[in-house]
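Asks: Take a look at this one; I'll ask things after.
The values are calculated or read from the model by the stated rules, or taken from the named source; none is laboratory data. Predicted model, so just to flag it, every value in this text is computed and none were measured. Reconstructed Cβ throughout: ideal geometry from the backbone, glycine too, with neighbour counts over all protein chains shown. What goes into the accessible areas is simple: the full protein's heavy atoms, side chains included, and nothing from ligands, DNA or RNA. Shrake-Rupley method; radii C 1.70, N 1.55, O 1.52, S 1.80 Å.
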Amino acid sequence: MPEQNFLAERFEADRARLRGVAYRMLGSLPEAEDAVQEAWLRLSRNGADGVDNLSSWLTTVTSRVCLDMLRGRKARREDALDGGPEPSVSGEDAIERETILADSVGLALLVVLRALSPAERIAFVLHDLFDLPFDEIAPIVERTPEAARQLASRARRRVRGGEALDATQTAQKSVVDAFLLASRTGDLAGLMAVLAPDVVVRSDVLGGGGQVRELRGAAKVANFYNGLAQTARTALVDGEIGAVVAPLGQMTRVLDFRVENGRIVEIFVAGDPERLASVEVSLV
C-alpha cells in the first residue's frame, strides 16, 4: 500500500477523536475541523518518518494548532463581539452536529473552558479529559511538566467551582435552580412561586444600544421567562450565585440574582461584550 494511502487510513481512524479534542479546546465545530484538517496537511506534507506513535503525534500537532488559534482569538478579542459571540455554525445539519457535540461535552463545561487562558485550557483538556501525561503536555504549552501540572490544577479549580458553597449560597442556588427549571419547562406556577411580587428585571440587552430596560412585577416577569431559559445554567458568576446563557456553549448573557427570604427580588441581565469578556465563571 502506498505510504500516502496508509497515512490517510490511519488519520481517518483518529479523526473523530481528534475532533473531540479540538472541540473541547476551541468550543467551535468549524474551528475544530479546521484544526484537525491542518494536522492532516502537516502529516501528508511531512510524512511519518521517525514517528513511533502516530496517534500521539496527531494529538500533539492538533493541540498545538488549537493553542495557536486560541492565542490568535484572544489577541483579536473575538470573544467580545458586539452583542455577544456569533453562532459558530450555519445550516441545519451543521447546527445539529454541533448541538450533539456540545451536549456530549456539557454546555456549562464549555462556558468555563472558554474563560480559561489558552495554556490552562490545553493543559486541562489534555490531562483531565484525555489522560495525557504532563511530560507530553509540557512541550505543547511550552512549559515544564510541573508548570503544566499547575496550569491544569488552576483550570480544575475553576471547572469544579473552587471551594464548597456556604449556607447562604446553597440556599440561593436552590432558588435559582428552581427558577431556571420552571422557566425551561414552561412551569408558570413554579416561576410565580420563586418570584417576589415586586420583582424587577433589569437588562442592558433588551432594548439594544446599551440602554438598560426594566420589567416589573411577578406576573410580567413569569410570563416573559416562561419557556425561555433553554440554554441557561446556574453558575458562580464572579463568586456569586448567578446563571449564564450559553447556546452551544458560547456565553451570550450573564444573569445576576438578588434573593431575599427564598424569593428572587431582582435579576440583572448583562450582555455587554466587555462584561462577558471579563466575567469569571465557575461550575456549581
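Asks: Residues being open to solvent by 30 Å² or more (accessible area, probe 1.4 Å) and on the phi < 0 side of the Ramachandran plot: count how many of those fall in the stretch 260-284.
Replies: Going through the stretch 260-284, the residues open to solvent by 30 Å² or more (accessible area, probe 1.4 Å) turn out to be 260-263, 266, 268, 272, 274-275, 277-278, 280, 283-284.
Going one step further and asking which of them are on the phi < 0 side of the Ramachandran plot, we end up with 260, 263, 266, 268, 272, 274-275, 277-278, 280, 283-284.
Final tally of qualifying residues: 12.
Asks: Just to be sure, is residue 135 part of a helix (DSSP H, G or I) and without any contact (Cβ under 8 Å) to a residue 40 or more places away in the chain? Walk me through how you get there before you give the answer.
Replies: On the way: part of a helix (DSSP H, G or I): yes; without any contact (Cβ under 8 Å) to a residue 40 or more places away in the chain: yes.
Yes.
Asks: Got a sec? Which of 175, 199, 159 is at pLDDT below 95, touching a helix residue (DSSP H, G or I) at 6+ places or on another chain (Cβ under 6 Å) and either of a type in the set (Asp, Glu) or open to solvent by less than 20 Å² (accessible area, probe 1.4 Å) (or both)? Step through it out loud before you land on a result.
Replies: Working: 175 fails: at pLDDT below 95; 199 fails: at pLDDT below 95.
Just one listed residue meets the conditions, 159.
Asks: Can you confirm whether the stretch 72-84 contains a residue that is more than 25 Å from residue 245 (Cβ to Cβ) and at pLDDT 90 or above?
Replies: If we filter the stretch 72-84 for residues that are more than 25 Å from residue 245 (Cβ to Cβ), which is where we start, we get 72, 75.
From the residues that got through so far, the ones that are at pLDDT 90 or above too are none.
Within the stretch 72-84, not a single residue is more than 25 Å from residue 245 (Cβ to Cβ) and at pLDDT 90 or above.
Asks: Here's a follow-up. Could you check the stretch 25-78 and list, in sequence order, the residues that are in contact (Cβ under 8 Å) with a residue 60 or more places away in the chain and either in a helix (DSSP H, G or I) or among the aliphatic types (A, V, I, L, M) (or both)?
Replies: Correct list: 25, 29, 30, 56, 59, 60, 63, 64, 67.
Asks: Restricting attention to the stretch 145-200, and to residues there that are over 30 Å from residue 131 (Cβ atoms) and acidic (Asp, Glu), which single residue is nearest to the chain's Cα centre (by Cα)? First the steps, then the outcome.
Replies: We begin by selecting, within the stretch 145-200, every residue over 30 Å from residue 131 (Cβ atoms); these are 166-200.
Next cut, acidic (Asp, Glu) only: 166, 177, 187, 198.
Working: 166: 25, 177: 19, 187: 27, 198: 33 Å.
Here the answer is 177.
Asks: Given the conditions (1) modelled with pLDDT of 85 or more; (2) open to solvent by less than 90 Å² (accessible area, probe 1.4 Å), report the number of the one that residue 89 does not fulfil.
Replies: Only one criterion is unmet by residue 89, namely (1).
Asks: Only residues that are of a type outside the set (Gly, Ala, Ser) and touching a Leu at 6+ places or on another chain (Cβ under 9 Å): list them for the stretch 61-73, please. Break it down stepwise before answering.
Replies: Residues of the stretch 61-73 of a type outside the set (Gly, Ala, Ser): 61-62, 64-71, 73.
If the condition is that a residue be of a type outside the set (Gly, Ala, Ser) and touching a Leu at 6+ places or on another chain (Cβ under 9 Å), then 61, 62, 66, 69, 70, 73 are the ones that fit.
Asks: Looking only at the stretch 95-128, count every residue that is among the aliphatic types (A, V, I, L, M), modelled with pLDDT under 90 and either crowded, with 16+ Cβ neighbours inside 10 Å or part of a loop (DSSP other than H, G, I, E, B) (or both) and tell me the total.
Replies: Initial filter on the stretch 95-128 (among the aliphatic types (A, V, I, L, M)): 95, 100-102, 105, 107-113, 115-116, 119, 122-123, 125-126.
Now drop any that are not modelled with pLDDT under 90, which leaves 95, 100-102, 105, 107-113, 115-116.
Going one step further and asking which of them are either crowded, with 16+ Cβ neighbours inside 10 Å or part of a loop (DSSP other than H, G, I, E, B) (or both), we end up with 95, 101-102, 105, 107-113, 115-116.
Of the residues in the stretch 95-128, 13 are among the aliphatic types (A, V, I, L, M), modelled with pLDDT under 90 and either crowded, with 16+ Cβ neighbours inside 10 Å or part of a loop (DSSP other than H, G, I, E, B) (or both).
Asks: Any residue at all in the stretch 35-57 that is over 22 Å from residue 127 (Cα atoms), surrounded by fewer than 13 Cβ atoms within 10 Å (Cβ to Cβ) and modelled with pLDDT under 75?
Replies: Restricting attention to the stretch 35-57, the residues satisfying the condition of being over 22 Å from residue 127 (Cα atoms) are 37-38, 40-50.
With surrounded by fewer than 13 Cβ atoms within 10 Å (Cβ to Cβ) added as a condition, the list becomes 41, 45-47, 49-50.
Next, only the ones that are modelled with pLDDT under 75 stay: none.
Checking the stretch 35-57: not a single residue is over 22 Å from residue 127 (Cα atoms), surrounded by fewer than 13 Cβ atoms within 10 Å (Cβ to Cβ) and modelled with pLDDT under 75.
Asks: Further question: Residue 239 is checked against (1) closer than 24 Å to residue 111 by Cβ; (2) in contact with a strand residue (DSSP E or B) (Cβ under 9 Å, 6 or more places away or on another chain); (3) open to solvent by less than 20 Å² (accessible area, probe 1.4 Å) and fails just one. What number does that condition carry?
Replies: Looking at each condition in turn, residue 239 falls short on (3).
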